[in-house]
Amino acid sequence: MKKRGWIILVGLGLLIAGGLWFASTRGWFSSRAPNELTVGVILPLSGDAASYGEKGRRAVEMARDLAAQSNSCGPVPLRVVFEDSAASPATGIAAFRKLRSSDGATVVIGDVVSAVTLALAPLAEEGHTVLLSPTSSAPAITNAGPYTFRIWPSDLAEGTAVAELATSRGLRRIAVMHMNNDYGTAIAGIFERTVRARRGEIVLSAAYNPDTTEFRSTLTRIRAARPDAIYIAGYFADTAVIVRQARALGIDVQLLGTTAIEDEGFLQSAGSAAEGIIYPLATGFDAASTDPAVVRFVTGFRQRFGATPGWVEAAHYDAFNLVCRATAAVAPNDPSSDAIRRYFEGMPPFQGLGGTFSFDRNGDVVKPIVFRTVRDGRFAALR
Amino acid sequence: MEYLLHLLVMFGIFGALASAANIDAGYGGVLSFAYAAVFGAGAYVTAYLLGPQSAPVWLALPAAVAVGIGANLIVAAIASRLADGDFAVATLAAHGLFAAVVANTDLVGGPMGLQIPQVQVGGLSLSSPIVAAAIALSLLTLSVAAAYKLQRSSLGRALRVVREDAVLARSLGIDASACRVAAMAASGALVGAAGFVFASYVQFVHPDSFTTREAVLIVCMAIAGGLGTPWGAVAGAALLVLLPEGLRWVGLPAASEGAMRDILYGSLLAAFVLLRPAGLFGCFVPAAKPHDTTVR
Amino acid sequence: MIESFAQLGIIAAASFSVYALASLGFLLIYIPAKFFNFTAAVPVLLTPYIAYAVIQRSGSFALGCLISLAAAGILGGFLYQVVFRRLGASGYSATIQLVATLGIYTAAVGVIGLIFGQQSVRIDPFESEAILLPLEIRVSFAQALSIGTAAAAILCFHVVWRRTEVGLRLRAMADDMILARILSIPVSRYAMFAFAAGFVLLGLAGVLGGFDSALRPTFAFPLVVVAMVAAAVGQGNARFAAALAASAVIAIAETAVAWYAGEAWARPVSLVCLIVILVWAGTQRRNSLRQV
């Protein structure tokens with residue numbers, strides 16, 4: 001039996017070695033063609049956050065193809081390599097190291113999930129590779145170093161804005177339900193502090209896990225407490241379920257949500273229960289905008305993928321185009337990661353799907369916040 | 001190069017984990033899914049001490065080992081009361097418990113995780129791939145050596161008698177629970193140490209690094225590699241660390257890469273375990289219990 | 001206060017319904033298979049998605065449910081014939097099979113992700129209407145459906161199990177398979193039936209669990225772990241009453257803790273319950289064996 005084990009192991013080893021040799025002769029290992037610049041993209045393509053990874057991937061593919069057609073990234077062709085982080089920090093690190101050493105990536109776009117981005121930041125620092133996250137929101141990323149950038153606005157701005165709106169509308173007694181992850185916990189914390197500072201009262205604050213489907217226990221408690229409003233700090237799938245279950249329980253108070261709920265999936269899932277919910281638009285992306293760039297993006301995306309894009313897609317699209325803009329500016333002379341970093345630091349305002357923005361000294365962006373609601377089953381501006 | 005070094009680090013760490021599983025399961029006959037939780041406990045203790053508490057390394061490593069031993073002994077305490085299938089499920093539940101508690105405890109960062117600064121030992125940074133690879137591979141060698149030693153010792157022999165027939169063992173004067181406790185303490189120490197290596201290398205601990213995926217992965221490594229021999233764990237770890245990474249290179253259609261990987265991984269695992277249950281090197285096939293009355 | 005408890009009672013009842021169906025299904029599968037396996041997770045995962053696909057195409061909710069449940073049953077019978085008869089004969093240990101079926105389940109999750117994508121989908125047509133009862137209790141249509149279906153299923157099951165020929169034979173098989181064969185019970189035929197029925201119940205649990213919430217490829221696992229543990233209590237003699245009791249304990253504990261401390265704590269507490277139940281049940285079994 002032992003001998004067979006050896007034979008199998010050696011056989012497998014030969015197979016893997018053969019595969020690697022084959023790959024290297026095909027040039028899959030060589031960092032890049034002398035003229036090519038590699039952009040790595042790390043996304044959660046499997047696992048719990050896979051729905052976001054899928055969206056991000058589609059957007060980057062579309063951006064890449066459009067850029068290739070119009071040759072807008074400068075004289076050096078861009079090569080995009082996707083890697084799966086499975087929303088796990090360790091897998092993300094493997095992906096990052098692979099992209100950097102085997103693919104020779106100069107710049108890495110990633111991750112969707114803050115936990116992975118935070119794990120990658122030290123590597124970006126140590127290896128001088130620019131890391132650009134489209135959607136990571138953890139406050140800790142602000143201080144993650146000069147090589148880490150992100151185009152998702154800080155939780156601080158969003159949480160404060162919603163709290164100020166709520167209290168100025170006379171909603172003083174507010175119940176909070178937040179997702180038990182970096183996004184939900186951070187934003188809920190900021191919201192609660194601001195409400196209390198403005199003499200409001202947090203009636204109840206409860207956390208739920210990302211995969212929870214049954215919220216009625218907490219909602220029953222909220223119903224008994226009779227608040228003026230409920231603030232739901234989560235993403236669109238769970239907010240939709242909470243909203244439906246709340247309405248079914250007869251809770252008809254004002255509902256407040258996060259910027260993450262502006263997605264087609266929210267309306268489909270929540271149905272008529274979503275009517276009247278107020279939320280901030282902090283990502284700057286409005287799918288219904290008449291801005292020609294947005295219209296082109298939305299129509300193009302619908303045509304190619306059969307779904308309406310939301311903020312995840314828009315953020316990834318912008319991230320790619322930012323990299324494209326940077327390489328166009330620096331590539332002929334100095335296509336290095338440091339050059340791209342310096343470009344980002346001093347970048348003139350960039351006009352993306354998420355509005356016009358530039359990076360502050362921490363690599364964060366500041367975007368104006370407008371408030372929206374759901375009216376007649378569609379997202380609309382709040383009056 | 002850094003990618004290959006990273007793979008070596010993961011291979012070393014998970015090889016040590018699989019080796020621990022082998023000590024418990026291959027020799028002791030106790031298959032636990034809780035290793036990811038014990039591993040996580042070691043990693044979290046390391047991160048907590050090195051991060052917020054800024055404790056020195058010579059405090060963090062023994063602490064991680066001690067926590068590993070303690071956690072695994074708790075698992076052992078439960079083991080003494082449950083039969084095989086029940087026990088496996090209970091350890092899965094215990095793992096879920098750990099993951100949920102850790103995600104809700106703000107002391108260790110809760111859902112945000114804990115970041116730790118670079119750990120320097122005598123001028124060497126523990127988070128540099130080369131140093132970490134050296135440490136991880138040393139840990140792996142240590143675990144294999146420990147397993148080898150155990151196999152040849154009287155404790156190892158006693159364990160194997162307990163594994164096959166607990167009643168016979170008792171009649172021979174072997175204290176079954178003491179043996180199991182000793183084995184689980186040893187494996188717990190290895191797992192705790194692996195947690196230390198992981199935390200100091202990755203510099204970031206988060207509940208997402210210790211999910212059910214990892215729990216199942218460790219057991220699969222031990223089984224696929226082969227229970228009952230020290231090399232089984234090494235083979236299993238090599239296979240199951242390289243396989244998902246190898247799948248990165250396979251040209252999968254763009255839109256479904258994540259799903260395809262799940263399919264390939266899952267079916268390869270099932271096929272392997274079914275077609276060759278002894279694993280690559282194993283000399284112990286967990287056999288059906290004698291009074292099993294399955295339909296034939 | 002009373003309104004709250006009454007409302008919580010309904011919530012716990014709905015949770016219990018889903019868990020109970022899943023444990024019953026699980027135990028039915030356990031009779032021929034004799035080991036804990038994750039193949040039970042497959043109908044929980046697949047059935048709601050099949051229902052979703054049918055509903056998308058035909059627009060009919062009822063048709064979707066019917067076809068998907070029928071598919072679950074057929075899948076169960078098929079899996080038994082093709083896989084489990086051979087597995088049983090090969091003498092694999094319980095843990096090997098547990099691990100193998102976990103691999104199969106992972107592959108199934110991948111298949112679902114491949115076909116339906118990773119986005120969460122909704123299968124029920126109910127908006128937020130609810131039935132209004134006295135004491136301000138509101139029962140959503142989905143909850144009512146869950147409770148009603150589970151009650152009917154449990155009743156049916158009890159009748160079949162205790163009062164019919166089929167039930168008698170299944171009980172004999174559960175007790176002692178070899179003796180059952182000696183007594184000329186067509187064991188494989190009944191085993192296949194048990195598998196098919198178990199898959200239907202599990203599929204039903206999946207579909208009902210998917211109502212009022214979002215369906216994603218990863219949603220089945222927690223439900224199945226709970227079902228497994230509830231079934232662990234009833235295994236051996238296929239004590240369904242014990243499994244149902246365990247499901248009830250878990251459902252009540254989860255609801256109570258979620259109300260008190262938020263949903264994030266419901267899972268750890270229910271897992272603690274689970275471990276305690278397992279240990280207790282294991283000790284009971286050992287004690288009873290010792291007395292023999």
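The values are calculated or read from the model by the stated rules, or taken from the named source; none is laboratory data. Predicted model only: the values in this text are computed from it and were never measured. With ideal geometry, Cβ positions are generated from the backbone for all residues, glycine too; neighbour counts draw on all protein chains shown. SASA here: full protein model, heavy atoms, side chains in, ligands and nucleic acids out. Shrake-Rupley method; radii C 1.70, N 1.55, O 1.52, S 1.80 Å.
Chain A against chain C buries an accessible area of about 3000 Å², both chains summed, 1.4 Å probe radius. Per residue, the stretch B:2-284 exposes 33 Å² of accessible surface when a 1.4 Å probe is rolled over the protein heavy atoms with every protein chain present. Taking all Cα pairs closer than 8 Å and separated by 6 or more residues, the relative contact order of chain B comes to 33 percent. Residue-wise HN-Hα couplings along the stretch C:162-170, as the Karplus relation 6.51 cos²θ - 1.76 cosθ + 1.60 with θ = phi - 60° gives them from phi, are 9, 10, 10, 4, 4, x, 4, 5, 5 Hz; Gly and Pro carry x. Across peptide A:93-106, the average count of Cβ atoms from other chains found within 10 Å of a residue's Cβ is 4. Only protein heavy atoms count here, probed at 1.4 Å, and on that basis chains A and B bury about 3600 Å² of accessible area in total. Between C:Leu155 and C:Gln81, the modelled labels are 3.4 nm apart [label points 7 Å from Cα along Cα→Cβ]. Our note on the geometry: Cα centres of the stretch A:172-250 and the stretch A:311-383, 30 Å apart. For chain A, the per residue solvent-accessible surface stands at 36 Å², with DNA, RNA and ligands left out and a 1.4 Å probe. Of the solvent-accessible surface of chain A, computed with a 1.4 Å probe over protein heavy atoms with every protein chain present, carbon and sulfur atoms account for 53 percent. Selection among C:Val200, C:Gly113, C:Ile178 by position relative to the dipole of chain C gives C:Ile178 as farthest towards the positive end (Cβ unit charges, Cα centre). Between the listed residues A:Leu156, A:Thr258, A:Ile222, the Cα displaced farthest toward the positive end of the dipole of the stretch A:156-281, a dipole computed from Cβ unit charges relative to the Cα centre, is found at A:Ile222.
Let's test the formula: R0 of 35 Å, r as the Cβ-Cβ distance of A:Ala381 and A:Ala225. What FRET efficiency results, to the nearest 0.05?
Once the sixth-power term is evaluated, E becomes 0.70.
Springs between Cα atoms under 10 Å define the GNM used for chain B, and in it the highest mean-square fluctuation of B:Gly51, B:Gly123, B:Gly236 occurs at B:Gly123. Placing a label point 7 Å from the Cα of A:Ser168 along the Cα-to-Cβ line, the residues of the stretch A:353-371 whose backbone N sits under 15 Å from it are A:368-371.
Per-atom-type breakdown for chain C gives carbon and sulfur 68% of the accessible area (1.4 Å probe, protein chains only). The trypsin sites (Lys or Arg not before Pro) found in the stretch A:341-377 that occupy coil by DSSP, while having at most 14 further C-beta atoms within 10 Å, are A:Arg361. Once the Cβ-Cβ distance of A:Gln351 and C:Leu133 is raised to the sixth power relative to R0 = 56 Å, the FRET efficiency obtained is 0.50.
Within a straight-line Cα-Cα reach of under 13 Å, C:Lys34 can be paired with the following aspartates and glutamates, leaving aside sequence neighbours fewer than 8 residues apart in one chain: B:Asp84, B:Asp86, B:Asp292, C:Asp175, C:Asp176.
Mean residue ellipticity, 222 nm, helices only, chain A: the sum of -39500 (n - 2.57) across DSSP H runs of n ≥ 4, divided by residue count and rounded to 500, is -14500 deg cm²/dmol.
Kirkwood radius, chain C, all distinct C-alpha pairs, inverse of mean reciprocal distance: 19.7 Å.
Here the Karplus curve 6.51 cos²θ - 1.76 cosθ + 1.60, taken at θ = phi - 60°, turns the phi angles of the stretch A:163-174 into couplings of 4, 5, 4, 4, 5, 6, 8, x, 8, 9, 9, 10 Hz, with x standing for Gly and Pro. Between the beta carbons of A:Arg196 and C:Ala70, assuming R0 = 56 Å, the FRET efficiency works out to 0.50 to the nearest 0.05.
Inter-part distance, the stretch A:41-69 to the stretch C:128-186, computed on C-alpha centroids, equals 46 Å. Both chains summed, the buried accessible area for C and B stands near 4000 Å², from protein heavy atoms and a 1.4 Å probe. With a 10 Å cut-off between alpha carbons and a GNM built on chain C, which of C:Ile29, C:Ile123, C:Ile182 moves the most? Highest fluctuation of the listed residues: C:Ile182. When the accessible area of the stretch B:13-74 is computed with all protein chains present and a 1.4 Å probe, what percentage of it is carbon and sulfur? Roughly 79 percent of what the probe reaches on the stretch B:13-74 is carbon or sulfur.
In this structure the amide hydrogen of A:Ser205, modeled in the peptide plane, comes within under 5 Å of the amide hydrogens of A:Val176, none closer than 5 places in sequence on its chain. For the peptides A:126-133, A:295-302, the ranking by packing is A:126-133, A:295-302, with the highest mean count of neighbouring Cβ atoms within 10 Å listed first. For chain C, what's the relative contact order in percent, using C-alpha pairs closer than 8 Å and at least 6 residues apart? Contact order relative to length: 36 percent. For the stretch B:183-216, the residues whose amide N sits under 18 Å from a probe point set 7 Å from the Cα of B:Lys149 along the beta carbon direction are B:183-194. With springs connecting C-alpha atoms under 10 Å apart, model chain A as a Gaussian network and identify which of A:Ser336, A:Ser358, A:Ser168 has the largest mean-square fluctuation. Of the options given, A:Ser168 has the highest mean-square fluctuation. Normalising the average separation of contacting C-alpha pairs (under 8 angstrom, six or more residues apart) by the number of residues puts the relative contact order of the stretch A:156-281 at 26 percent. Taking every residue in C:121-127 and counting other chain Cβ atoms within 10 Å of its Cβ, the average works out to 4.
Amide H contacts of A:Phe149: A:Leu131, A:Leu132, A:Ser133, each under 5 Å away and 5 or more positions distant or on a separate chain (H built 1.01 Å from N in the peptide plane; Pro and chain starts excluded).
Just tell me how shielded A:113-121 is by partners: mean number of partner chain Cβ atoms within 10 Å of each residue's Cβ, no decimals.
The per-residue average across the peptide is 4.
Per-residue Karplus couplings for the stretch C:120-131, computed as 6.51 cos²θ - 1.76 cosθ + 1.60 with θ equal to phi - 60°, are listed in order as 7, 10, 10, 10, 8, x, 6, 7, 8, 6, 8, 8 Hz, Gly and Pro entered as x.
Under the simplified labelling scheme, the B:Arg81-B:Leu124 pair shows an inter-label distance of 4.5 nm, with each label point 7 Å from Cα along Cα→Cβ.
Only beta bridges with both residues in chain A are counted; by DSSP, about 25 percent of them are antiparallel. Near the amide H of C:Ile131, within less than 5 Å, lie the amide hydrogens of C:Val139, C:Ser140, C:Phe141, all on another chain or at least 5 residues away, with H placed in the peptide plane.
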